[in-house]
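Trainee: Dropping the structure in here first, questions after.
The values are calculated or read from the model by the stated rules, or taken from the named source; none is laboratory data. Because the structure is a prediction, the values reported are computed rather than measured. Counting neighbours? That spans all protein chains shown, and the Cβs are built from the backbone with ideal geometry, glycine included.
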Amino acid sequence: MAGYFMDAALILAGVISAFEDEHNKERKDRAHDLAHSLQDISERIHSTYTSVLDLLSKGSSDIAIWKAAISDKGIQTINKEIKYFEEFQVPNMNITESNIFLMRKLELRTQGFLTSIKSTLPPVAEIKAAMGTFDDLVKNGEITKEKAEQGKQKVLAEYHGIDIQLPSLPSNRSIYDELHQRDVTTKVYMGGDPSFEDTEKWVISIEDGSAK
């Protein structure tokens, strides 16, 4: 996740430095509000994405189970999503209000990804239970380890994996309106800040660049 996750100190420094020469106290306070909002969102994204990786990062036997539980198409979806997060680059520039929009959109995407991964836990548990039965038979002396391994491989081969369906993200308009509704408490968006049209245009240019 090092690709896009920004160190909290850099976020703070980047935003506040943009207002170093600004003598208006309200604008300085705004810079701090914006910086801390970005820091909070970044930390939530990192925590959510770490949860995804913790679920997927298992031993070799568990990997075989995951591959059986998820269809080939689902595995491709997971790999594509991980690649997106690993390669995404936050623009190297003074942080603006538009970055709040971008990071909130990323947060929603990571939350949706985690939800999708969690949807595979029931079939994973089902396969583990079936394979555990063979271990019990070995312990009871009813079958050999070789027979148990053959049985496990048959379970893995015959299981029909499920597809991964990533939730649809809210529209850019919905995300923008959500942030404006927080205005009273977070001061994320205030009068004179980027319009929706300008924000969307900027974010699309960033997303298009990261996809190349």
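Trainee: Looking only at segment 170-205, count every residue that is modelled with pLDDT of 75 or more, surrounded by 13 or more Cβ atoms within 10 Å (Cβ to Cβ) and either in contact with a Gly (Cβ under 8 Å, 6 or more places away or on another chain) or of a type in the set (S, T, N, Q) (or both) and tell me the total.
Mentor: Result for segment 170-205: 2.
Trainee: When segment 158-184 is examined, which residues are found to be in contact (Cβ under 8 Å) with a residue 12 or more places away in the chain, under 19 Å from residue 66 (Cβ atoms) and not hydroxyl-bearing (Ser, Thr, Tyr)?
Mentor: 160, 161, 162, 163, 164, 165, 166
Trainee: Right, next: For a quick check of your reading: which helices (runs of 4 or more DSSP H) sit entirely within segment 61-174 and have at least 3 residues that are farther than 30 Å from residue 44 by Cα, out of contact with any Phe, Trp or Tyr (no Cβ under 9 Å at 6 or more places or on another chain) and not polar (S, T, N, Q)?
Mentor: Result: 121-139, 145-158.
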